[in-house]
Amino acid sequence: MPIDILLDICRHLHPKDVLVLARSSKAFREILMSHTATSAWRDSRDNVPGLPDCPTHMSEPAYADLLFMKYCQSCLQPHAGTPFWDFHARYCKRCEADTTISLVDIKLPPRLLSIASEVLNVNEGRCHIPHVVKLMHEWNSLQEDSEAQDRYIEMRRTTIQDMKKSVRKMQQAISDNKRVDVMVDRLLAFGSHITSLPRDASKLYQPTLSDFAAMPEFRQDIECPNDTKLTEDTFVKFRAQLHNMIQRWQRYNASILALKLPVDEHILKAQGTGVLLLAMVCFDCTRCHQLLRFPEILAHDPSCFGQLTRDSLYKQALTWAGCCAPWSEQRFRVSPSFKRCEEIIRICRLDPFKTTRHDMDALDVRVCCDEGDLTRVLTWDKAMEEEHQRAVKGSAHATPVAAPQWRRATEAELSRARKAELAAARRLRKMHALQPYWCCAHCTHGLWSAGSIRAHLRTEVYANDDPTSLFLHPDGSRKMHGHVILEKPGFETEAGDRIEFWEW
């Protein structure tokens, strides 16, 4: 592996992980302990918010060792306990006696004796022997030069004051780090209870761990004092509240989305959040520009919401627990094709302010547009997806994309389109199976192809042939686009009526 790539990887790791990597082999040690790796150590330290800069008298690896490792720096015994912060060192009980000395036992020159605590770090009446040895060596090198001694004393006073300031910052950073670790453990414990629930597509419309973490009744259990233990009663209480928390989250986000719609206020009052189920209502993700409907919008890809900021210990804990930013309506806007979608419903001879998606699916209607010697036939929802993509591309480019002239398909065109769709049904199923949008119903394994999920199911203890063990994520169900191509009389070719597929 090239050294630059290794250092770039280390920049994204926790300092403790970089230190462990440096100690894993001689080759890694030579690279990570060299001067060329200094910036990687520094960037790694920035991954721990609130951590003070490395003291000038310490190297970055030594600083990481002091803060995050538990070994005695003399005999390497594990679990050495709390560091001697004033000495910037960590020792076990046995080595403590060999590396520290009582202040009254130190034979200092008369001029330093009265100001010993100003030129030496003192911890509970004891001093660090290496510091004392260094002090005496430097003082003796000054001989009898009083001016040099004055300058040295001032320098030592400044150094000791700076060390004490850095100690307070380090202690606070370590305290915060322990606090974050406790909250991460609690988040993962709650997360395991959430992810262990059986899943299907409808469960994807529920809050994720990031969303639960924003709820006050959940947050109070995570932010309770460090010495408070999570018991089975805590999880029983959480499970009892789970249904109400999910319902509240769904109702709130539905109401926020409904308020975004450009419809008359009396329609909103009459239908409430039911307006979101109208066939013409669709939204645009401002990051990936996928057309989304309700409730599928609640299950949209979490990566589109970005990363959490680290402006609090709680958010730091969420980040280390692997959480993205919670679901937010701010990521979405009403599709710029809203009016065109309304027209498509009218073309189907229905009232767009009363017709739901279920109504349109039950009608099984098609719309089409004529293009030269061919006619394109689409389902109502695929026509809306095409309008959405045309509107998005039109807003992103100076040259507008020409709008198709839609009309309702005749009975003859509808019959021919259905035959073409039936002939292509097997190919469509295969294409859907290859999409990396399939989910495991037993865990949060991730989004893979249907074949990969089936292989995953066979290797796990819950392996079975139940077709409900996997399902297509709502984001995947909208990715595949297709339309039927009908040849007009007099322009027939060997290809005949056919269906074409592509992905947005």
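Points to keep in mind about this one:
- Residue tally, condition buried (at least 17 other Cβ atoms within 10 Å of the Cβ), of a type outside the set (A, V, I, L, M, F, W, C) and over 30 Å from ASP53 (Cα atoms), over the range 88-121: 0
- Residue within the range 430-450 that is surrounded by fewer than 13 Cβ atoms within 10 Å (Cβ to Cβ) and closer than 24 Å to ARG366 by Cβ present: yes
- Checked against the criteria, ASP86 counts as modelled with pLDDT under 90, of a type outside the set (A, V, I, L, M) and over 30 Å from ALA321 (Cβ atoms).
- Restricting the range 158-206 to residues that are touching an Asp or Glu at 6+ places or on another chain (Cβ under 8 Å) and not assigned by TED's automatic domain parsing to the domain that holds ASP65 leaves a set whose member that is farthest from VAL122 (Cα to Cα) is TYR205.
- The requirement of being free of Cβ contacts under 8 Å to residues at least 24 places away in the same chain, assigned by TED's automatic domain parsing to the domain that holds MET155, not hydrophobic (A, V, I, L, M, F, W, C) and not in a loop (DSSP other than H, G, I, E, B) is fulfilled somewhere in the range 84-94, by at least one residue.
- Qualifying residue in the range 315-338 (condition: aliphatic (A, V, I, L, M), farther than 18 Å from PHE212 by Cα and part of a helix (DSSP H, G or I)): no
Every residue, every condition in (1) of a type in the set (Ser, Thr, Tyr); (2) out of contact with any strand residue (DSSP E or B) (no Cβ under 8 Å at 6 or more places or on another chain); (3) closer than 26 Å to ARG168 by Cβ; (4) outside any loop (DSSP other than H, G, I, E, B), yes or no:
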site: ASP53; (1), (2), (3), (4): no, yes, yes, no
site: HIS57; (1), (2), (3), (4): no, yes, yes, no
site: LEU67; (1), (2), (3), (4): no, yes, yes, yes
site: CYS75; (1), (2), (3), (4): no, yes, no, no
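- Test: residue in the range 120-128 that is closer than 30 Å to ARG42 by Cβ and part of a loop (DSSP other than H, G, I, E, B): yes
- Out of ARG157, ARG186, one residue alone is of a type outside the set (A, V, I, L, M, F, W, C), over 30 Å from THR444 (Cα atoms) and touching a residue at least 24 places away in the same chain (Cβ under 8 Å). It is ARG157.
- Verdict on CYS127 being surrounded by fewer than 17 Cβ atoms within 10 Å (Cβ to Cβ) and either in the same structural domain as LEU313 (by TED's automatic domain parsing) or not small (Gly, Ala, Ser) (or both): no
- Pairing residues of the range 39-52 that are closer than 13 Å to THR319 by Cβ with residues that are crowded, with 18+ Cβ neighbours inside 10 Å and at pLDDT 90 or above, at Cβ distances under 7 Å and at least 6 apart in sequence or on separate chains, gives VAL48/PRO15.
- For the range 399-418, taking the residues that are surrounded by fewer than 18 Cβ atoms within 10 Å (Cβ to Cβ) and touching a strand residue (DSSP E or B) at 6+ places or on another chain (Cβ under 9 Å), the one that is farthest from CYS368 (Cα to Cα) is identified as ARG418.
- Just one residue in the set ARG157, ARG186, ARG179, ARG199 is among the basic types (Lys, Arg), surrounded by 13 or more Cβ atoms within 10 Å (Cβ to Cβ) and touching a His at 6+ places or on another chain (Cβ under 9 Å); that residue is ARG199.
- All positions within the range 239-272 that are crowded, with 18+ Cβ neighbours inside 10 Å and closer than 18 Å to TYR205 by Cα: TRP249, ASN253, ALA254, LEU257, ALA258
- Evaluation of GLU124 against (1) modelled with pLDDT of 85 or more; (2) closer than 28 Å to CYS54 by Cα; (3) charged (D, E, K, R) (one fails), failing number: (1)
- Of the helices (runs of 4 or more DSSP H) lying entirely inside the range 180-298, those carrying at least 2 residues that are more than 24 Å from the chain's Cα centre (by Cα) are 232-259, 265-271.
- Within the range 224-238, the set of residues being more than 13 Å from ALA189 (Cα to Cα) and charged (D, E, K, R) comprises ASP227, ASP233, LYS237.
The values are calculated or read from the model by the stated rules, or taken from the named source; none is laboratory data. Just so you know, these numbers come straight off a predicted model, no measurement behind them. Methodologically, a virtual Cβ is constructed for each residue, glycine included, from the backbone with ideal geometry; neighbour enumeration extends over all protein chains shown.
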